[in-house]
1. Sort 48, 109 so that the residue with the fewest other Cβ atoms within 10 Å of its own Cβ comes first and the one with the most comes last.
2. Relative to the present Cα-Cα distance, how much length would full extension add between residue 189 and residue 116 at 0.36 nm per residue of separation?
3. Using only the alpha carbons, work out the radius of gyration and Dmax of segment 178-225 in angstrom.
4. Would you compute, for the Cα atoms of segment 102-246, the largest minus smallest coordinate along each principal axis and list the three values in descending order, in whole Å?
5. Given 0.36 nm per residue, what is the gain on full extension from residue 92 to residue 227 after removing their alpha carbon distance, in nm?
6. Between residue 52 and residue 75, what's the calculated FRET efficiency when r is the beta-carbon distance and R0 is 35 Å? Round to 0.05.
7. Grab the Cα-Cα distance for residue 109 and residue 236, subtract it from 0.36 nm times how many residues apart they are, and report the gain in nm with one decimal.
8. Mind giving me the nanometre distance, one decimal, between the label points for residue 66 and residue 218, set 7 Å out from Cα along Cα→Cβ?
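Bear in mind that the values in this text are calculations on the coordinates, not laboratory data. Owing to the predicted nature of the structure, the values given are computational and were not obtained by experimental measurement. So basically every Cβ, Gly included, is an ideal-geometry build from the backbone, and we count neighbours across all protein chains shown.
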């Protein structure tokens, strides 16, 4: 420490001697530059932000879990409008994960590419992805906990379903549980592809109750129920309905 102090004193003296040789205008310019360098150096040496801090848990609610009917690793058997079967399987089955929901920002490091630190809640997600062969389709469901506004403990759960073939067949989103009582507007949930309740739906002569549907896109559409999940979809040239879950 004594060596560093002596070096610092020596450099200070050199700077003073150098400044003594300059006229007033040059001194002002040099002092301005030294001031900027000093400020930047001070900022870059500041203490880094602390690690993120967990302040609570927000698992999915029972109300929301009723929107996710799949257990373990089911096989879904659909039939088209000729009675031909189309089988969907899932490589990994139902996946449950814990994720961070950042709520309060503690600090941001004052340096290039500085990181931010947050107080967060541990949220929960459940998802499953299915695939079929000949023809190739995929179906996915994601149930997650989200936050409505930064810096506010306004949590809600949301279900997202998606069916893909050659391009998108249908995508739907629905808020499954609002977990706060504050005043809010529906548009704040940012639902871009609504999943809308329609009651009864007939697919290939089979009647389903309490059905939700995605918006129709060039005639393509997806249908869902809380009891069975995805129960049907319409493509450019066919209609598929859920026959059974194995």
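1. With the fewest neighbours first, 48, 109 line up as 48, 109.
2. Values: separation 73, 0.36 × 73 = 26.28 nm, distance 2.47 nm.
Extra length from residue 189 to residue 116 when fully extended: 23.8 nm.
3. Calculated on Cα positions, Rg and Dmax stand at 14.4, 44 Å.
4. Projected onto the principal axes, the Cα atoms of segment 102-246 cover 62, 36, 32 Å.
5. On the way: separation 135, 0.36 × 135 = 48.60 nm, distance 2.14 nm.
Gain on extension, residue 92 to residue 227, equals 46.5 nm.
6. Values: r = 40 Å, r/R0 = 1.13.
Plugging the Cβ-Cβ distance into 1/(1 + (r/R0)^6) gives 0.30.
7. Values: separation 127, 0.36 × 127 = 45.72 nm, distance 5.25 nm.
Once the chain is fully extended between residue 109 and residue 236, it gains 40.5 nm.
8. Using points 7 Å along Cα→Cβ, the separation is 3.8 nm.
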